[in-house]
Each structure stands twice: as structure tokens, then as C-alpha cells.
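The structure appears below as C-alpha cells.
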Amino acid sequence: MLTYLLSPEDLGEIRFAISPATEATLSLRALRDPSRFPLQLPWVRKVQHRLADLDLEVLGGLMNDRMGSPDFLTPPLSGPLATYEADLEVIARTEQAEVERQLVAVNGRLPEVLSGSGALDRIVTAMERYWRVMIEPYWLRMRTILEADVAYRGQAITQDGTAAMLNNLAPTIGYANGRLRADRVSNPSREEAVARRGLILYPTMFGPGAVIPFDVGHQPELGYPARGQGTLWAMRERPNTSDLGRLIGRERLRILALLRSRPRSTSDLAVELAVTPSAVSQHLQLLRRTGLVDSYRVGKHVFYQPSDLVTMLIGA
């Protein structure tokens, strides 16, 4: 059990975050023991054939049999807009001595594959590949669930108060009288005062119960199961570009294809498509009204770019 001691000031400073690095690291649990993650079995099945593309020797040294992993793989949570690229940059700057200390603490020894001066480079390379192959194709789906959970918790604070919100995070998490308890996560049990360091809560797809930092004294963080996980894999697969072209028309698909490489103005598109600016403008207005493109102004020029909806439909 881990108990966070919160003062009234600490309760008012609770923040929420979404962490791509944390999701990637915790997802290794589901691959190691799928029986503990029934809601994620559809994902486990989908990615089984991709395991051969990964450095499983390095990845295997990053989690122990009790599902513990080193904290340097999950950089300080910064908010709901973090990217995995930014997280990897932080991970890559970890001191070698700290990497080795945490790996020994997790595994009881330093795995041979992760020893030596190039260990961190191997970890970063393996995790970057893992993200691209295993998580990124599904990240927009996952992020949608995670963002919806954060919005729900914010509304719960407004309607019912922080204490009620904390008591609704998970069956293994409870709050009363300044003590936030997370059961079945730490052996031996420990207490830590938040002491105005700020408590960060984050929803996760890969935590059936509470998730806590491995190291004692780490930045106060608490992960909890995201709401709505059971609906994630009921979402349809993305259509391919041919399907989308049949839906919106070939010319509008060509416009989206150009905008996906970089934002463009109406005149830019007219030159590249060899059509009149007025024809391009008509297509752009329809795409904008249907939420497929966004626009922004720079001086006298208006530029267009694909919306998040296009990314969700056909990928980044």
C-alpha cells in the first residue's frame, strides 16, 4: 500500500496528465502477462505478429516479474499534451549511473544486455521502435479515451468536489481525512507526504488498479484505470485512402494529401493541382464545413491544414 498525505493546499493543486511514455512502458505489462489485462486482449492479439520486429531482449530487461519498471522510462508528467518524441528526449538525457541504479533496483541485478556505456542508447532505440510498431497505430484511439476520462474527472471535481472524485478513481484507491490510499501496489507499505510538490493523476489503459512510481520519494504521481476502456476496441478500423476518396471525391482527397505534407494557401493548391483558385476555394470551404481542414491566417494569407479528424480517419 502507498499512502499519500495531502494538506488542504495539496488538494487544491492536484493536476491531471496524459503520458505517451507511461502508456508505452505500462503496455509491456499486458504483453508479459495478458491474463491480467482482459480489456486489452484485443490489442495483444492484434500486435502479436509484430513482436518479431522488436528488440525483445532489451525490452525484457525493462520490467520485472512483479510488473515493476524503472522510473526513468516515464519522465515527469507535464500535462495532457505531451508527445512521445519529447518524452524520449528526456529519457535519452538520463545519467548512466541513474539508469544502472534503477535497473538494478527493478531487476535485483543489472541485465547483461543493458550493461555498458551504450545501454541507454539501446533502450531509447528499442522503445522508439516499440512505440512506432505497437502503440502509435492505436494512439489516437487510446488518447481519445484518456482525454475523455480527464474531462470527466474535471467535471466530477466541479460537481462533487475533489474528495468524491478521488474516491471514484478505482476500487483500490480511496481518500479520507487527507490520506490518499492506493492498495496492492507497494510491498512493504509506505507513506509519503506530498508536501506541496504537487500530486499528478493520470488515466492509463494498462493499469487494472493503481499505478505508482517505483522509487520512494519520486514526484507524487498516481495512475488509475481510464473509464471506457471496454469500448476502445469496438471502434472501427481506419478506412484506407481509397475508401475516403470514394466518400469525399478524388479532387478533395488530392487536396488533403497535399495538406498532410505541409499547410498551403488556396493559391498554392491551385498551382499544384493545375486548377483555378475559385475551384480550390469551393473544395476547401466544403472540407472546412465538414471538419476535415482547419485554417489560420499569417498576415494577408490564409493557410489550410488537415484537422485532427483526418488524422483519426487515415493516420498521421
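The values are calculated or read from the model by the stated rules, or taken from the named source; none is laboratory data. Owing to the predicted nature of the structure, the values given are computational and were not obtained by experimental measurement. As a convention, Cβ positions derive from the backbone with ideal geometry for all residues, glycine included, and neighbour counts pool all protein chains shown. These accessible areas exclude ligands, DNA and RNA; they are computed on the full protein's heavy atoms, side chains included. Shrake-Rupley method; radii C 1.70, N 1.55, O 1.52, S 1.80 Å.
Starting from the Cα of Thr162, step 7 Å toward the Cβ, then list every residue of the range 205-223 with an amide N under 16 Å from that point. The answer is 220-222. Taking the 1.4 Å solvent-accessible surface of the chain as the whole, the part contributed by carbon and sulfur is 52%. With the gyration tensor restricted to C-alpha atoms of the range 139-251, the semi-axes of the equivalent ellipsoid amount to 37, 16, 13 Å, longest first. Could you compute the FRET efficiency for Ser78 and Arg109, with r as their C-beta to C-beta distance and R0 at 35 Å, rounded to 0.05? Result of the calculation: an efficiency of 0.60. Taken along the Cα-to-beta-carbon direction at a fixed 7 Å, the label points for Glu89 and Ile248 span 3.0 nm.
Heavy atoms of the protein chains alone define the surface here; on that basis the range 239-285 has 57 Å² accessible area per residue at 1.4 Å probe size. Using a probe of 1.4 Å on the protein chains alone, the accessible area found for Phe72 is around 10 Å². Between the helical axis of 20-32 and the longest alpha-carbon principal axis of the chain there is an angle of about 70 degrees. Other residues lying with their Cβ under 11 Å from the Cβ of Val216 contribute a combined charge of -3, Lys and Arg counting +1, Asp and Glu -1. Averaged per residue, the range 126-236 has 45 square angstrom of accessible surface, using a 1.4 angstrom probe with ligands and nucleic acids left out. Remark: relative contact order (the chain) = 23 percent; criterion is Cα-Cα distance under 8 angstrom and separation of 6 or more residues.
Between the beta carbons of Ala257 and Leu41, assuming R0 = 35 Å, the FRET efficiency works out to 0.50 to the nearest 0.05. Just to verify a number: what accessible area does Ile248 come out at with the full protein assembly present, 1.4 Å probe, Å² rounded to tens? In the full protein context, Ile248 sits at about 20 Å². Hey, of [x] 27, 25, 21; [y] 26, 21, 20; [z] 40, 25, 19, which did the structure itself give for semi-axes √(5λ) of the Cα gyration tensor in Å when calculated? Of the labelled values, this structure produces [z].
Looking at the range 3-89, the accessible area is 45 square angstrom per residue; that uses a 1.4 Å probe and ignores ligands, DNA and RNA. Against the main long axis of the alpha-carbon atoms of the chain, helix 277-289 sits at an angle near 40°.
Would you mind getting me the FRET efficiency between Val298 and Ser7? Use the beta-carbon distance for r and R0 = 45 Å, nearest 0.05. Here the calculated transfer efficiency is 0.45.
Seen against the Cα atoms of the chain and their longest principal axis, helix 96-107 is set at about 70 degrees.
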